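J.: First the structure, which I've put down as structure tokens, then a few questions once you've had a look.
Each value in this text was obtained by applying a stated rule to the coordinates, not by laboratory testing. All of these numbers come straight from a predicted model, not from anything done at the bench. Every residue, glycine among them, receives a Cβ derived from its backbone with ideal geometry; neighbour counts consider all protein chains shown.
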Amino acid sequence: MAAQQKTDRRLWWLLAAAAALSLVWLMLTIGLLGSTLEPDARQTVWGLIGDRLTLIALTWAAGMAAIAYGLKRWFDHWVTPSVQLAEEAQVLLRTDVVRELPLKGNVETQVLVGLFNQLVAQREELRAEMDAKVQEAAQGIEQEKSRLAALMSELTQSVVVCNLDGRILLYNNRARMQFRALSQAPGVAGGAELMGLGRSIYSVFDRKLVAHALENIQQRMLRGAGQPSAQFVTTTPAGQLLRVQMAPVRSPAVAGATEPSLDLTGFVLMLDNITRDFEAESAKDQVLHTLTERSRAALASMQAALDMLDYPDLDATMRERFLGVLRDETMALSQRIGALEAGSTDSLKTRWPLEDMLGTDLVTAALKRIETVTSLQASVAEIDPALWLKVESFSLLQALVCLAGRLGDEFSVRFVQLRLQPAAGSPGKAWLDLIWSGQVMSTETVMSWEMDPMRVGNETVRLTVRDVIERHNGAFWFERERLRHQAFFRFLLPLANPQEQVDAATLSTNESRPEYYDFDLFKTTEQTRTMDDRRLTDLVYTVFDTETTGLNPGQGDEIIQIGAARIVNHKLLRQECFEQLVNPQRLIPAASIPIHGIRPDMVMGQPTIDQVLPAFHAFAQDTVLVAHNAAFDMRFLQLKEQQAGVVFDHPVLDTLLLSAVIHPNQDSHRLEAIAERFNVTIVGRHTALGDAMVTAEVFLKLIPLLAEKGIHTLGEAREAAQKTYYARIRY
């Protein structure tokens, strides 16, 4: 944005000082002159001067104007060029920008500029020599990196690595495509709002489910398992079924230590979308069920007809009737089989994959969860340490916590126990009992608890206890032990072969280098400070721009394109972009088309703003918004919040204002001028994504310069920006 250059404050001080000195000099001169005159002569002189005060004032004002003009010319030639060159030299000193400073100002200043440019050239020569040596030394490493990156890109399995906060720090291209397929709005910006470095994996997976899997892994690590892992199956918000295998990322072992570290820095997720596989399995089950049940009566009729045809004295009419029965039933059976083969199933309950889990681990986790959620005391009554179960532990623990909670709430039970033992008379099964002492429970109450949606703490889940039992192909019932005055709920659960767990632990995993990664994110931790107190270098940013039909958001102009890129860990992620045309549902003025290049036919059939903004809001979740002249873009977004059902309450930084903070003496703070100062190449100007990319690169250059001025946190940057001249602009 261009604006009239603000006059240097020092010039105003000099003018004020000159004015004051001239007035003092004038008064002193008149006073001295008067002191040398006789009273009559002095009175005569005062009378002459008094009649001509206006002329004297005008003469003084003309002199001051001449002085002001001279000072302004002197400032423009000697002072202002030096200040501007100092600001531009600071850019070269504190950033990696390489360009020659322009010659300006007086001859001496131009000589200094030439010398400075020579020093910069020498510095760049040294840098080039060092870079060449580093590149030569790292050539072998780069070749290995390229091989590993190629291997990762060809993997058919999705791989995602996260830190302990659930922030994504590595993923391969397969994971990127799969997450886009999981998006609730894949048609808007390619469904780019789920996958990205620094994003939270909890936008796809339940946080409690991941925490439960990590807890299982840590228990196995404490037991000394060589390759501890966990597996779970979950549904995504888009309704997809995912099988997830989790492996830990351990801290580096201490020098000299013989055992691997038990401390975790993150976890690896290997994902498989098994929705279609389980639909196919369900379809097979349905076909078998239908064929069995519906064919039974037909086969019985055919058998009866065949038995009657064996009688030799059967008359011709009856024989023909029974042959007709055979033909009809055979045709009906053939049609039924054909229909089953051609048709598809609707809504059968899928078989839920189960994981092998040591029974002791399950009971330990259940006791801890019951005490944490329900505040009941829980202990072990009896447990067989050799039992391995094949369970889906997350939902099973939910069922145990739900039942324990209802016992405490409805029957005033304050103490429960868990018992795990082999099921007598049921090979391959185990009994898991939830035991308590208290009132008698009716059969109707037990059935009601089994069929009601489970309530865990303050949350109600869609599953019932019966659903959990059916997942395990097990059973559930209620019993009383009268001699001990106890009652218990009994779960019949499948056993697993412990050898399967050992075999799985011995499998080696191939280490691969992905296409998208940032291992520095391992260092991040959950912040307890407010965002304003966080350092600029620690934040995640969404840098965006909009193209519009005009410049008046409050008078009917609409957004026709949104483009955005992300900055994570001080890096611009060019591969993680949001770019979407928007149907404005109004005409695009012909005068604006040469500026942004978007014609009416290009927005026909594109999603409207109420469809695009929720996807963009999800893309920018948990980040700081950055834009150039952000007041303009934010006004357009805010006017559409109610229509889109979202609120953009993100912190906002404006590169226009930050540039004014860093370079208050520059003539222009338009995006092109700032880019030129930072030697940023402009590609795709006046396209939303192109401008967003340029703004992002400019913002990265501004951060170290802000630090030089003592501006390190988001709050400090926002406060400094609001003090600038341009912060007064409103839309």
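J.: Using 7 Å Cα-to-Cβ label points, what is the Q139/E371 separation (nm, one decimal)?
T.: Once both label points are built, they end up 6.2 nm from each other.
J.: Limiting things to C-alpha atoms, what are the Rg and the maximum Cα-Cα separation (Dmax) for segment 528-728, in angstroms?
T.: In order Rg, Dmax, the Cα atoms of segment 528-728 give 16.5, 51 Å.
J.: Moving to a separate point now. How much of the DSSP bridge set in segment 355-495 is antiparallel, in percent, rounded to the nearest 5?
T.: 85 percent
J.: Which of the listed residues, A16, P81, A121, is farthest toward the dipole's positive end in segment 9-133, when Lys, Arg count +1 and Asp, Glu count -1 at the beta-carbon?
T.: Working it through, the farthest residue towards the positive pole turns out to be A16.
J.: What whole number of Å gives the distance from the Cα centroid of segment 696-710 to the Cα centroid of segment 554-614?
T.: 27 Å
J.: Still on this structure, please answer the following. Among Y725, Y202, Y69, which comes first, second and so on when ranked by fewest other beta-carbon atoms within 10 Å?
T.: Y69, Y725, Y202
J.: Decide, for segment 355-495, between rounded, prolate and oblate: order the square roots of the alpha carbon gyration tensor eigenvalues as a ≥ b ≥ c, take rounded if a/c falls under 1.5, and otherwise choose prolate if a/b is larger than b/c, else oblate.
T.: rounded
J.: What is the fewest-to-most order of L262, L492 by other Cβ atoms lying within 10 Å of their Cβ?
T.: Ascending number of Cβ neighbours within 10 Å: L262, L492.
J.: Can you give the extra length, in nm with one decimal, that the chain gains between D622 and E38 once fully stretched, where that is 0.36 nm per residue apart less the Cα-Cα distance?
T.: Additional length available on full extension: 201.8 nm.
J.: Between V111 and T29, what FRET efficiency comes out of the Förster formula 1/(1 + (r/R0)^6) with R0 = 51 Å and r the beta carbon distance, rounded to 0.05?
T.: 0.75
J.: List K390, K723, K208, K368 from most exposed to least, where exposure is judged by having the fewest other Cβ atoms within 10 Å.
T.: Exposure proxy ranking, most exposed first: K723, K368, K208, K390.
J.: In nanometres, what is the gap between the two model label sites at A591 and L103, each 7 Å from Cα along Cα-to-Cβ?
T.: 4.3 nm
J.: Tell me the label-point distance for the pair N679, V45, using the 7 Å Cα-to-Cβ offset, in nm and rounded to one decimal.
T.: 6.7 nm
J.: Calculate, for H570 and R180, the FRET efficiency according to 1/(1 + (r/R0)^6) with r their C-beta to C-beta distance and R0 22 Å; round to the nearest 0.05.
T.: Using R0 = 22 Å, I get an efficiency of 0.30.
J.: Sticking with this structure for a sec: May I have the extent of the alpha carbons of segment 9-133 along their three principal axes, as whole Å values ordered from largest to smallest?
T.: Projected onto its principal axes, the Cα set of segment 9-133 covers 93, 22, 22 Å.
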